[in-house]
Amino acid sequence: MKLNELRDNPGATKARKRVARGPGSGTGKTAGRGIKGQKSRSGVAIKGYEGGQMPLYMRLPKRGFNKPNRKDYAVVNLGLIQKFIDAGKIDAKAEITEDVLVASGLVRRKLDGIRVLAKGEITAKATITVTGASAGAVEAVAKAGGTLAVTAAAKDAAAAE
């Protein structure tokens, strides 16, 4: 087999539709757009317009409420923290703070803080200080002999809401 003999599987590729290339192409002259009218012109975006009828997106009910000032936390699972400790990217003997998690590459950015969840298992005895944590995560770290502290700033914000 040579490079010039390489072929894709039959039917794997489809030729691009070349419009407005003469009558022999089947899509010549008007290029499959029909004759005249709004849709035959360039620069037209009709989108949800239904000819004066109430558009579907306006007929459907709106539900829920999106809080404009809600907190957006970066989420970390305990299993991932353990994996990074095993790999030597995080030192379990030193205190694990949000800055340590970012520096190790476990979290890309802090956002409004980092929240630890209980997915996975942690076996290392670690001291973790973060903005938020689930009850299961706090329990799992305590079971492993470590401590998971939630910062006071996060508690104040939760009490204010």
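The values are calculated or read from the model by the stated rules, or taken from the named source; none is laboratory data. Quantities reported herein were computed from a predicted structural model and do not represent experimental measurements. Heads up, the Cβs are rebuilt from the backbone with ideal geometry, glycines too, and the neighbour counts pull from every protein chain shown.
Tabulated values for the structure
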{"item": "Residue match in the stretch 72-91 (condition: part of a loop (DSSP other than H, G, I, E, B) and touching a strand residue (DSSP E or B) at 6+ places or on another chain (Cβ under 8 Å))", "result": "yes"}
{"item": "Residues (surrounded by fewer than 18 Cβ atoms within 10 Å (Cβ to Cβ), of a type in the set (Asp, Glu) and closer than 14 Å to residue 148 by Cα) located in the stretch 88-109", "result": "95"}
{"item": "Any chance residue 66 is in a helix (DSSP H, G or I), free of Cβ contacts under 8 Å to residues at least 24 places away in the same chain and exposed (fewer than 10 other Cβ atoms within 10 Å of the Cβ)", "result": "no"}
{"item": "Residues within the stretch 121-143 that are at pLDDT below 90, hydrophobic (A, V, I, L, M, F, W, C) and out of contact with any strand residue (DSSP E or B) (no Cβ under 6 Å at 6 or more places or on another chain), tallied", "result": "2"}
{"item": "Number of the condition not met by residue 123 [criteria: (1) touching a Lys or Arg at 6+ places or on another chain (Cβ under 9 Å); (2) in contact (Cβ under 8 Å) with a residue 24 or more places away in the chain]", "result": "(1)"}
{"item": "Residue match in the stretch 50-59 (condition: out of contact with any Pro (no Cβ under 6 Å at 6 or more places or on another chain), farther than 30 Å from residue 39 by Cβ and not polar (S, T, N, Q))", "result": "no"}
{"item": "Pairs, first closer than 30 Å to residue 22 by Cα in the stretch 32-58, second at pLDDT below 90 and hydrophobic (A, V, I, L, M, F, W, C), C-beta under 8 Å, six or more apart", "result": "38/44; 38/46; 39/46"}
{"item": "Identity of the residue in the stretch 110-120, modelled with pLDDT under 90 and not aliphatic (A, V, I, L, M), that ends up nearest to residue 151 (Cα to Cα)", "result": "110"}
{"item": "Complete set of residues in the stretch 92-124 that are in a strand (DSSP E or B) and touching a Leu at 6+ places or on another chain (Cβ under 8 Å)", "result": "114, 116, 117"}
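Condition check ((1) among the basic types (Lys, Arg); (2) assigned to a loop (DSSP other than H, G, I, E, B); (3) at pLDDT 90 or above) across all residues:
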site: 11; (1), (2), (3): no, yes, yes
site: 20; (1), (2), (3): no, yes, yes
site: 36; (1), (2), (3): yes, yes, yes
site: 44; (1), (2), (3): no, yes, no
